[in-house]
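Enquirer: Below is one structure. I have some questions about it.
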Amino acid sequence: MRGRRALHLDPRVRFATLVGPGALFIVLFLLIPLLSIVVFSFWRTESYELISDWNVNNYEAVLGEWIYLKFLLKSLAMAAAVSAICLVYAWPCAYLIAKHGGRYKLVLVLLTAAPFLTGILLRITAMQQILGPIGLVNMALMELGAQPIQVLMYTNIASAVGLIYLWIPFMLLAIYLSLFNFNFELLEVAKVNGARPWRAFFEVTWPLNWMGTAIGIVLVFIPTFAASVTPRFLGGPNGSMFVNRLEHQFGSAGTWALGSAMGVVMCVASLVVIFVLWRTVRLRRAGFTGAGA
Amino acid sequence: MDKTNSTSNSVPHQKRRVSRRSVIKGAAALSAAGFTWKSIGPFVRDAEAATLELRWLGWEHYNVKSLTAEFENRHDVKVSAGFFDGNSEAWNKLRAGGTQDFDLVMADGFWPRLYAKQGLVQSVDYSKLDLSNVFDDFVPPKFTLLRAEDSEDMIAAPNCWGGYGFTVNMDKVAAEDQESVNLLFNEKYEGHLSTSARFEENIALAGILAAHNMGTQDSERPDGKSFNPYVLSDEELEECKRLLIKQKGLLVNRWNDEDTLERLLRAQVVWASPEWSGIYRRIHFDKLDGKSDLNMRHVLKPTEGGLGWVDQWSITSGVTDSEKLEIAHKWIDFRLEREAMKTVAVEIGWAPTVDVRDMLPERYVDTLFLNETGSIHGLYQFDAPSSPEKWERIWSAVEAA
């Protein structure tokens, strides 16, 4: 009884009891490892051994040498392209489901997530069977007497196709959830006041659903930026991405210090993208009425 | 009348009601009890009943369930295994405290010597092993990598061996091109070549060709030792980089898994690729069985020289208990038994260092190169790059090109 009373009466005890375990977990398993990565990034590696010789050489290499910077820029470009394509594809789908899905809305949205019932490796293997030199598409083309399409497999385009396939459900779901709460009657009001459909879309629908769209972009951009399996299996000799190089440092190369610096740069780049998108969201305009809006 | 009786008399007998709260309480109590028992259970058993556990770190394909079960039954121990993909990964695991987590570690080429230098493994007592059936080619004096570099201590025992040669489609690749490392860099076969994603072996193979082309392979080396493709000069590394960048344009892919390469070889999309010879064996067996028309060969030792390996068992320095040390030796000895080696050869397809030729069908003897065990001396053994940092930069430059 005393314990129960303490929980009820002392907000500090209650707060510590409720928040403590979660906070401890985050400190132990997220912050400390992250901090160690930051520390390692200022050390150096010699013959698989980390040496605590403080320097910024790893950052100079990652941000100053083309052989590493190229992969950073390439990964950012790939993430941006995949996000843009997912956005263009997912918006009309989500719109149609939200507006015309009727009682099948939920089923239709859940169907888009059906590929998630399997593992990522299985999905990538399936993509290999479809896109590969001996895959479904090329075999069909050859049966019809046409030349196989070389860019479909072991290229950066193949990687992009694989990544779009993997992450598009996230974009679709985020936009759909935003549209689910959107009052479509506003469009009628806009039309009554003389707005053409496109103008109504860009001045009413788009801005009022920008928050959901921005969340969708983040949900696609970050995993695409961090993708390693897809480019490794679909990308071919020129398909390596920033994360593949990062993995290489922690794997067979054993250059952990350089890998740590790459990890920190990647983390910062992701945070910058999230910050930029967050700055574009106008909560009040998006219809958010919570505290601080 | 006592109070109890009074109560029992005054309150009519009712069936006790099961409330939601009591169900939740009961479930919580059961969960807590179960969780507690699961957490402390392993520690409260009778110490005498505890089973000795032998833990090894190695390549996953060596985890043959039937062999493990047989050893466990024979010695009343439990055997568990951890896996790695490459020597450097195992090295990092042991360096990060893995000697306390594993009693045995597998390695190949020069790696056991590196482990010994760092004090990660201890001596293996050869008097406890029956090496009578091991081919001479895989034990000293012919094969010295089982011994520490600076002493007579034996630091490892042999397991299986092989090369990292090329599997070649003989119908597609001209006979005069088939046996040279240059095949992997030959523009004639653009769009029909593949290599693995392993950066060390890609650079080492290019290093053999680079040194051959530069005439430095047989000349005196800066370290006073004979040529080793894992110890390359800066000029040779630059030449490797040039060759590998040129090679990129010729490749279909860099394979990460054998299944992918096998599919591409069978479909004749890829005509030549380095591999461990397992894919060649499967395709060749299919031809022998009339299931395939493909004419494949495996070039174990190319003209400029090739890469090879003898993988080995070592006992980690974390094993200090005499009983554990004994059982670790018994495990190595068990894996050297002819029956065990036959199982490894047939089930997982690696060539044993033990002579089991009379126990295997002829096709296995041929394709596992068991009549050519002397070839191992002409192959450059797998090693750690002399400077992983320089090699990493070369590989990143190749990838970025």
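Enquirer: Restricting to the stretch B:117-156, give me the number of residues that are over 30 Å from B:Glu339 (Cβ atoms) and not in a loop (DSSP other than H, G, I, E, B). Before you say what the answer is, go through the steps one by one.
Expert: Filtering the stretch B:117-156 for residues over 30 Å from B:Glu339 (Cβ atoms) gives B:117-120, B:148-152.
So of that shortlist, the ones also not in a loop (DSSP other than H, G, I, E, B) come out as B:117.
Total satisfying the criteria: 1.
Enquirer: Here's a follow-up. For the stretch A:108-135, name all the residues that are assigned to a helix (DSSP H, G or I) and at pLDDT below 80.
Expert: Across the stretch A:108-135, the qualifying residues are A:Pro115, A:Phe116, A:Leu117.
Enquirer: If we keep just the residues of the stretch A:40-69 that are assigned to a helix (DSSP H, G or I) and exposed (fewer than 15 other Cβ atoms within 10 Å of the Cβ), which is nearest to the chain's Cα centre (by Cα)?
Expert: A:Leu63
Enquirer: A further question follows. Name the pairs whose Cβ atoms lie under 7 Å apart, with the first residue in the stretch B:50-72 and of a type in the set (D, E, K, R), the second loosely packed, with under 15 Cβ neighbours inside 10 Å and outside any loop (DSSP other than H, G, I, E, B), and 6 or more positions between them or separate chains?
Expert: Close Cβ pairs (under 7 Å, with a partner that is loosely packed, with under 15 Cβ neighbours inside 10 Å and outside any loop (DSSP other than H, G, I, E, B)) amount to B:Glu53/B:Lys78; B:Glu53/B:Ser80; B:Arg55/B:Ser80; B:Glu72/B:Lys78.
Enquirer: Identify all residues within the stretch B:224-253 that are of a type outside the set (A, V, I, L, M, F, W, C) and farther than 19 Å from B:Ala400 by Cα; write none if there are none.
Expert: B:Gly224, B:Lys225, B:Ser226, B:Asn228, B:Pro229, B:Tyr230, B:Ser233, B:Asp234, B:Glu235, B:Glu236
Enquirer: For B:Val168, only one of the following conditions fails: (1) in a helix (DSSP H, G or I); (2) at pLDDT 95 or above; (3) touching a strand residue (DSSP E or B) at 6+ places or on another chain (Cβ under 9 Å). What is its number?
Expert: All conditions pass for B:Val168, except number (1).
Enquirer: Is there a residue being out of contact with any Phe, Trp or Tyr (no Cβ under 8 Å at 6 or more places or on another chain), among the polar types (S, T, N, Q) and modelled with pLDDT under 95 anywhere in the stretch B:189-211?
Expert: no
Enquirer: Among the residues of the stretch B:62-95, which ones are basic (Lys, Arg) and more than 14 Å from every other protein chain (Cβ to nearest Cβ)?
Expert: B:Lys65, B:Arg74, B:Lys78 - these are the residues of the stretch B:62-95 that are basic (Lys, Arg) and more than 14 Å from every other protein chain (Cβ to nearest Cβ).
Enquirer: Select from the stretch A:136-154 the residues that are part of a loop (DSSP other than H, G, I, E, B) and surrounded by fewer than 20 Cβ atoms within 10 Å (Cβ to Cβ) and write down the one among them that is nearest to the other protein chains (Cβ to nearest Cβ).
Expert: A:Pro148
Enquirer: Another one. Look through the stretch B:254-293, keep the residues that are of a type in the set (Asp, Glu), closer than 23 Å to B:Val398 by Cβ and assigned to a loop (DSSP other than H, G, I, E, B), and return whichever of them is farthest from the other protein chains (Cβ to nearest Cβ).
Expert: It comes out as B:Glu275.
Enquirer: Go through the residues of the stretch A:163-182 one by one and say whether even a single one is assigned to a helix (DSSP H, G or I), surrounded by 20 or more Cβ atoms within 10 Å (Cβ to Cβ), on the phi < 0 side of the Ramachandran plot and free of Cβ contacts under 8 Å to residues at least 24 places away in the same chain.
Expert: The answer is no, given that none of the residues of the stretch A:163-182 is assigned to a helix (DSSP H, G or I), surrounded by 20 or more Cβ atoms within 10 Å (Cβ to Cβ), on the phi < 0 side of the Ramachandran plot and free of Cβ contacts under 8 Å to residues at least 24 places away in the same chain.
Enquirer: How many residues does the stretch B:231-253 hold that are crowded, with 19+ Cβ neighbours inside 10 Å, of a type in the set (D, E, K, R) and at the interface with chain A (Cβ under 9 Å from one of its Cβ atoms)?
Expert: Going through the stretch B:231-253 one residue at a time, the tally reaches 0.
The values are calculated or read from the model by the stated rules, or taken from the named source; none is laboratory data. Given the structure is predicted, the values throughout are model-derived calculations rather than measurements. Positions of Cβ are generated from backbone atoms using ideal geometry, with glycine treated the same way; all protein chains shown enter the neighbour counts.
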